[in-house]
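Read through the structure below, which is laid out as structure tokens, and then see the notes.
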Number of protein chains: 2
Amino acid sequence: MTRHKDPPPFSDAHVRQAHGAGGPAMRALIESVFLAGPSADDPADAEARALDDGAAIPFGDQFLVLTTDAHVVHPVEFPGGDLGRLSVCGVVNDLAMMGACDVLGLTSSVILEEGFEISLLRRLQASVQAACREAGTRILTGDTKVMGRGEVDGVVFSTAGLGVTRRVVRDAGLRPGDTVIVTGTIADHGLAVLGARHDLGLQGDLRSDVAPLNGLIRAALAAGGGHIHAMKDPTRGGVTSALNEMASKSGVGVMLTEAAVPMTAAARAAAEILGIDPLMVANEGKALLGVAPEAVDAVLAALRAHPLGRAAAVIGRVTADEPGRVLLDTGFGTRRLVERDATPLPRIC
Amino acid sequence: MTRHKDPPPFSDAHVRQAHGAGGPAMRALIESVFLAGPSADDPADAEARALDDGAAIPFGDQFLVLTTDAHVVHPVEFPGGDLGRLSVCGVVNDLAMMGACDVLGLTSSVILEEGFEISLLRRLQASVQAACREAGTRILTGDTKVMGRGEVDGVVFSTAGLGVTRRVVRDAGLRPGDTVIVTGTIADHGLAVLGARHDLGLQGDLRSDVAPLNGLIRAALAAGGGHIHAMKDPTRGGVTSALNEMASKSGVGVMLTEAAVPMTAAARAAAEILGIDPLMVANEGKALLGVAPEAVDAVLAALRAHPLGRAAAVIGRVTADEPGRVLLDTGFGTRRLVERDATPLPRIC
């Protein structure tokens, strides 16, 4: 619930790619434009200022959780998924990260370019429905807008989701002594999209991990309960951005063991060929959990028993030292894992 | 709750402007693409198939109402409003039309073109905040995406809203004998946007009516209670489209008295100059209500006592004859008010 410390200065006159990349420039835009104005110090706006994956609304003895995501991925179809699947999973996962694994329903806004192929739209929509079935939810209502030729590049989906939970989990909840768990291999989504976009011939073994995580997280919460102190999905900006945000908002340090971070051989090779740090690449079917030591074994077992958590691993620990920083233990010493603006990866989700 | 009767056939291979215009082509796209697939006959999908302004979710002894709208209006600033105000009002009004005048919160997805002016974005965001204050709500969470230059024309806002009500009002609830009320003058929004877009020099007295209607509708519901049988806001496709949809879904006829429909002199003149039927022009701050005769006086008085309802008027009545049709009483006989695809008015909202 703490406001992000030291918002970066904001002096841009025009929107840049980095403003959508999930890193410091995006947070600066949000804090200085979207959260500016007369209500900036209104305590009732604390929920928006928390900049969590969604917003929690107390309702009776429960919390309603509301979230939204626009998806502009290019190309719209890629190994392992497509825009339709992504649009459902992005929102379902934001709800799950706040503990709201029971999804009451989704909304879908579709913005289309005149001339867009109806057959492709049907495929995307079939994918939306399949992902909804996996997540145990449905699209309850929607909106359709058409822009002229050249006014939008094909199609944009914007989705909102409503979930419900008795306990809200925050990305700001890390505590010193917690163990950091990742639910599986990293970097698969971003590398699969880049591979498809640039036709790199890497696609063979590279597949996006895009999946709805609410079932997996429900299992983890059943095993770990209140010992799961914090969750976040490492989407845009990857593990680097997510852990830096968690550390900063929680006022703790994180020590990450580089060699413990699970990756497929295909992703490792692709990242090397492309010269991209896999820790900065978007995931769409993974979560980072901060778990109290006494529950780590139970949570790991629950994750690994689920098809989406087989490769779950302990990758770090939370410290009281170095608050707001993430240190990378490389095996040859430590260095700070600095969050940067990932400008070379536009339209990855 | 009835599925729209006789969905028009759908044979298009590509998206056309009419698919976003609020008329028969848009409904055909929605019914044959978005509502197709394995869940098309699932009773649990009845809420989506109702094609109402939003979706109602039973929750305890109340209903949560969820809705979404994308806004692609061009130009983004126009007399009487802008994209920011429109994005809030569009969603608040959809909630109000279902009886959910208490808005728990909104989400905001912003899709930006690289190079978009930050100063304009700040103005739009100030307008979002002002409209939220008028509606007694706030943006709880959001998302920001950036597309490259030429990949989206400036900016698109996609908003979702969550409201709560003890009684849901449906657009399908018209009953024979009901009186049809409009809450004020029509066609102001669409004509103001067109005037600004084409620099027609009409703008002097032409201003969009874009406004949050939840306060007005709360007053009407307090006065009319269960005697208000149906509500709908005549946005894309205007009064013609909204009344045809209400008549068709309710299985009733509507007799509309043309001379009773309130319009400003400026709107009347602009529609004539542009050669556009004002009944087909979008409104963003008006509602159509179907009211039982015994409550008409009380509802009209409540509407007229509110600043946004001063020009409220009775414009028609509901009949058991001619189910699914809207007849226009021109003063020189009647003719059918046929819903057409409003292709000449793209990006009006």
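Within segment B:261-286, residues that are under 17 Å from B:GLU245 (Cα atoms) sit with their Cβ atoms under 9 Å from residues that are surrounded by fewer than 20 Cβ atoms within 10 Å (Cβ to Cβ), at 6+ positions apart or across chains, in these pairs: B:LEU279/B:GLU258; B:LEU279/B:VAL261; B:MET280/B:ARG340. For segment B:279-286, the criterion of being of a type in the set (Lys, Arg) and open to solvent by less than 50 Å² (accessible area, probe 1.4 Å) is satisfied by at least one residue. The one condition from (1) under 22 Å from B:LEU86 (Cα atoms); (2) under 17 Å from the mean Cα position of the chain (by Cα); (3) in a loop (DSSP other than H, G, I, E, B) that B:THR137 does not meet is (2). Of all residues in segment A:100-130, none satisfies the criterion of being of a type in the set (Phe, Trp, Tyr) and more than 7 Å from every other protein chain (Cβ to nearest Cβ). Only one of the numbered conditions (1) open to solvent by 20 Å² or more (accessible area, probe 1.4 Å); (2) closer than 18 Å to B:GLY99 by Cα is violated by B:LEU200, and that is (2).
Here B:ILE111 passes the criteria (1) in contact with a Pro (Cβ under 6 Å, 6 or more places away or on another chain); (2) within 18 Å of A:THR144 (Cα to Cα) except the one numbered (1). Check off (1) under 17 Å from A:MET231 (Cβ atoms); (2) crowded, with 19+ Cβ neighbours inside 10 Å; (3) in contact with a His (Cβ under 7 Å, 6 or more places away or on another chain) for A:ALA172 and give me the number that stays unchecked. Looking at each condition in turn, A:ALA172 falls short on (3). For segment A:41-75, filtered to residues that are out of contact with any strand residue (DSSP E or B) (no Cβ under 6 Å at 6 or more places or on another chain) and among the hydrophobic types (A, V, I, L, M, F, W, C), the residue that is nearest to B:PRO58 (Cα to Cα) is A:PHE59.
Taken together, B:ALA247, B:ALA211, B:ALA187, B:ALA192 contain a single residue that is closer than 12 Å to B:GLY290 by Cα, outside the structural domain of B:THR68 (by TED's automatic domain parsing) and open to solvent by less than 20 Å² (accessible area, probe 1.4 Å), which is B:ALA247.
If the condition is being more than 9 Å from every other protein chain (Cβ to nearest Cβ), surrounded by fewer than 19 Cβ atoms within 10 Å (Cβ to Cβ) and over 18 Å from A:ASP12 (Cα atoms), then segment B:131-157 contributes B:GLU134, B:GLY136.
Which of the residues belonging to segment A:158-169 are more than 9 Å from every other protein chain (Cβ to nearest Cβ) and open to solvent by 10 Å² or more (accessible area, probe 1.4 Å)? Passing the criteria: A:THR165, A:ARG166, A:ARG167, A:VAL168.
Quick grid of which residues meet (1) open to solvent by less than 10 Å² (accessible area, probe 1.4 Å); (2) in contact (Cβ under 8 Å) with a residue 24 or more places away in the chain; (3) more than 7 Å from every other protein chain (Cβ to nearest Cβ); (4) in contact with a Pro (Cβ under 9 Å, 6 or more places away or on another chain):
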residue: B:LEU29; (1), (2), (3), (4): yes, no, no, no
residue: B:ASP42; (1), (2), (3), (4): no, no, yes, no
residue: B:GLU47; (1), (2), (3), (4): no, no, no, no
residue: B:PRO58; (1), (2), (3), (4): no, no, yes, no
residue: B:GLU77; (1), (2), (3), (4): no, yes, yes, no
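Is segment B:80-90 home to any residue that is in contact (Cβ under 8 Å) with a residue 40 or more places away in the chain and within 10 Å of chain A (Cβ to nearest Cβ)? Scanning segment B:80-90 turns up at least one residue that is in contact (Cβ under 8 Å) with a residue 40 or more places away in the chain and within 10 Å of chain A (Cβ to nearest Cβ).
The values are calculated or read from the model by the stated rules, or taken from the named source; none is laboratory data. Everything numeric in this text was worked out from a predicted model, so none of it was measured. Note: ideal-geometry Cβ built from the backbone for every residue, glycine included; neighbour counts use all protein chains shown. For accessibility, only protein heavy atoms count, side chains too; no ligands or nucleic acids. Shrake-Rupley method; radii C 1.70, N 1.55, O 1.52, S 1.80 Å.
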